[in-house]
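The values are calculated or read from the model by the stated rules, or taken from the named source; none is laboratory data. Small disclaimer: the values here were computed from a predicted structure and weren't measured. Quick reminder, even Gly has a Cβ in these numbers, built from the backbone with ideal geometry, and neighbours come from all protein chains shown. Protein only, heavy atoms only, side chains kept; ligands, DNA and RNA dropped before computing areas. Shrake-Rupley method; radii C 1.70, N 1.55, O 1.52, S 1.80 Å.
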Amino acid sequence: MTTTDWFMANHWWWRPGWTVGRRFYTWRLTFADQSDVHRYVGAHRDVLTPLPGLDLIPDQWLHLTMQGLGFTHEVDDYDVQAIIRTARSHLAALPPLQLTLPEVIVTPEAVVIPAQPAQDVVDLRRALRAAIAAVWPAVPESADGFRPHLSVAYSNSTGPAEPVQQAIENVTAAPATARITTADLIVIHRDRKMYEWETYAQLPLG
């Protein structure tokens, strides 16, 4: 199937448990200090800005989703602290990530950049899940189907994917690289059709 055959859909439908005002603990990689990533994403934002139906992600909110814990009102603070302590020792055994963001692709709800080597990100997520498993009898979210990526824009309506695909094909910017030295536990919300957060804990790799 090509982008001429399908439509993008609204990313901002309310998933189970989410409402305005809800806050959620989740592990993410963030890119606030990654100027090369900002350059590459910015080149794509430039061509996507004229298109309707997209919410473009500012540099401040660029992220790679790793592993959720749960809504803040449902998670005991003692457990959060225990998970952080355990995760700190797990992550100390892993080296910083040297990532490449080689291409931008269109998905049904977003424009994204897959991160490579994916296995390195998967290994980091596995370490975070192991830390959670040391505290809780069950780890939230599935261990399978994880595809590490950084989003450039979210679709906010139903519309054809072809114009989005054509726009990103006009970008000639060189792929980006990023050196990731921390994993962040953040408190996130989506009240304004953007994932915005405060950092709760930042744990070093290596």
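Overview of values
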item	result
Listed residues 187, 104, 171, most fluctuating in the chain (Gaussian network, C-alpha, under 10 Å)	171
The range 88-105 residues near the modelled residue 46 label - backbone nitrogen below 17 Å, point 7 Å along Cα→Cβ	104
For the range 138-202 versus the range 36-99, the gap between their alpha-carbon centres in whole angstrom	7
Estimated FRET transfer efficiency when R0 is 25 angstrom, pair residue 134-residue 59 (beta carbons, to 0.05)	0.15
Under 20 Å from the residue 33 label point (7 Å along Cα→beta-carbon), backbone N, the range 79-105	88-89, 91-101
Loop-located trypsin sites (Lys or Arg not before Pro) in the range 161-206, at most 13 other Cβ atoms within 10 Å (DSSP)	192, 193
Within the chain, helix-based [θ] at 222 nm, where runs of 4 or more DSSP H residues each add -39,500 (n - 2.57), nearest 500	-8500 deg cm²/dmol
Exposure ranking of 28, 15 by accessible area [1.4 Å probe, largest first]	15, 28
The chain: most fluctuating residue of 40, 25, 78 per GNM, C-alpha cutoff 10 Å	78
Most mobile listed residue (38, 90, 73) in the chain, GNM with C-alpha springs under 10 Å	73
Accessible area in square angstrom per residue, the range 1-72, 1.4 angstrom probe	47
